[in-house]
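Below: one structure, written as structure tokens.
Bear in mind that the values in this text are calculations on the coordinates, not laboratory data. From a predicted model like this one, the values you see are computed outputs, not experimental measurements. Please note: Cβ atoms are built from the backbone with ideal geometry, for glycine as well, and neighbour counts cover all protein chains shown.
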């Protein structure tokens, strides 16, 4: 365990990391923050992530000793609770956070790696989603439903923002999330590998339970207000709608995504 007690806010590492609360600076540093006991436990268990440094509240240090020991040689700064509060994006932090290097997955390489496993491909593609809570919830649902890869357009909100990370509840650490240059290019890449694109769409010609989701599939989810762009819709193999017999005209994007993911799992379990 590599732990150092720091009591001064003038500590250079602490001062530098205070700037990470600014999204632009975090992107420039190519890092993000994972905070909370459960999230940091998931981080330590997950593979492939590099923890640059971690912070623990001095009044929690003894209670968190097993977790701190599991971090191995990661530099850990033990700081007063008020200093940790200044680093945190939450009002009442749980006493631990980690600064983690972002990962940049190549979509084509990740898809090819998946195909080599001979698993039945199950992907999610997000276009221009702007609500971090929605994106984080979709990542959590994708992880729970067994999706293997999530593709996100460049105009989707930053998947490493604090709100997304917290809403994902650790699932970001277990799923490859790949940024794509354009939806049509990604669609061409997926089609060339035998993966069909199914778009959630208010003008869908089939109900979700009528669409065949048993084969290699990528579910497409669009912007909260305007849905999928025309070019994304044209790239899809099928447009499906979720039956809504009630008064509401549309569903929250995360809710719609979750329902389509569940339908995929349901169909596959029947045909397994």
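In the chain, what percentage of the DSSP-assigned beta bridges are antiparallel, given to the nearest 5?
25 percent
Compute the length gained on full extension between residue 86 and residue 27: take 0.36 nm times their separation in residues and subtract their Cα-Cα distance, giving the result in nm to one decimal.
Working: separation 59, 0.36 × 59 = 21.24 nm, distance 1.92 nm.
So the extension gain works out to 19.3 nm.
Give the angle, between 0 and 90 degrees and rounded to the nearest 10, that separates the Cα long axis of helix 132-145 from the longest principal axis of the Cα atoms of the chain.
Tilt of helix 132-145: around 70 degrees.
Just rank 41, 210, fewest to most, by other beta-carbon atoms within 10 angstrom.
By the 10 Å Cβ count, ascending: 210, 41.
Any idea what angle helix 253-270 forms with the longest principal axis of the chain, computed on alpha-carbon atoms, 0 to 90 degrees, nearest 10?
Once rounded, the angle reads 70 degrees.
With a 10 Å radius around each residue's Cβ, average the other Cβ atoms per peptide and rank 212-222, 97-107, highest first.
Working: 212-222: 21.8, 97-107: 18.2.
So the peptides 212-222, 97-107, ranked by packing, come out 212-222, 97-107.
Just to be sure I understand the model, the point goes 7 Å from the Cα along the line to the Cβ. What's the resulting residue 188 to residue 7 distance in nm?
Each label point lies 7 Å from its Cα, and together they span 6.3 nm.
Which peptide among 172-178, 132-138 comes first, and what is the full order, when sorted by highest mean count of other Cβ atoms within 10 Å?
Going by the mean number of other Cβ atoms within 10 Å, highest first, we get 132-138, 172-178.
In terms of the Cα gyration tensor, with a ≥ b ≥ c the square roots of its eigenvalues, is the range 2-101 rounded because a/c is under 1.5, prolate because a/b exceeds b/c, or oblate?
Verdict is rounded for the range 2-101.
Determine the gain in length on full extension of the stretch residue 205-residue 116; use 0.36 nm per residue of separation and subtract their C-alpha separation, reporting nm with one decimal.
Computed gain between residue 205 and residue 116 is 28.7 nm.
Distance between Cα centroids, the range 102-146 to the range 1-59: provide it in whole Å.
About 25 Å separates the Cα centre of the range 102-146 from the one of the range 1-59.
Using a 10 angstrom cutoff on alpha carbons, build the Gaussian network for the chain and name the most mobile of 162, 109, 170.
109
Treat each spin label as a single point 7 Å out from the Cα along the C-beta direction, and report the residue 154 to residue 130 distance in nm.
1.9 nm
Have a look at the DSSP beta bridges in the range 1-118 and tell me what percent are antiparallel, nearest 5.
Looking only at bridges with both residues in the range 1-118, the antiparallel portion is about 55 percent.
Determine, for 237, 112, 158, the number of other Cβ atoms within 10 Å of each Cβ, and report the residues in order from fewest to most.
Lowest count first: 112, 237, 158.
Taking the 0 to 90 degree range and rounding to the nearest ten, how far is the long axis of helix 107-116 tilted relative to the main principal axis of the chain, both from C-alpha atoms?
Taking Cα atoms only, the helix is inclined about 70 degrees.
With Cα extents along the principal axes in Å as the read-out, I listed (i) 94, 43, 38; (ii) 62, 42, 32; (iii) 82, 52, 29; which label goes with the value calculated from this structure?
The value matching this structure is (ii).
Just want to confirm a number: the relative contact order over the range 107-270, from Cα pairs under 8 angstrom separated by 6+ residues, in percent. Working shown, then result.
Working: 301 pairs, mean separation 42.9, N = 164.
Contact order relative to length: 26 percent.
Contact order normalised by length for the range 1-151, with contacts defined as Cα pairs under 8 Å and 6 or more residues apart; what percent is it?
28 percent.
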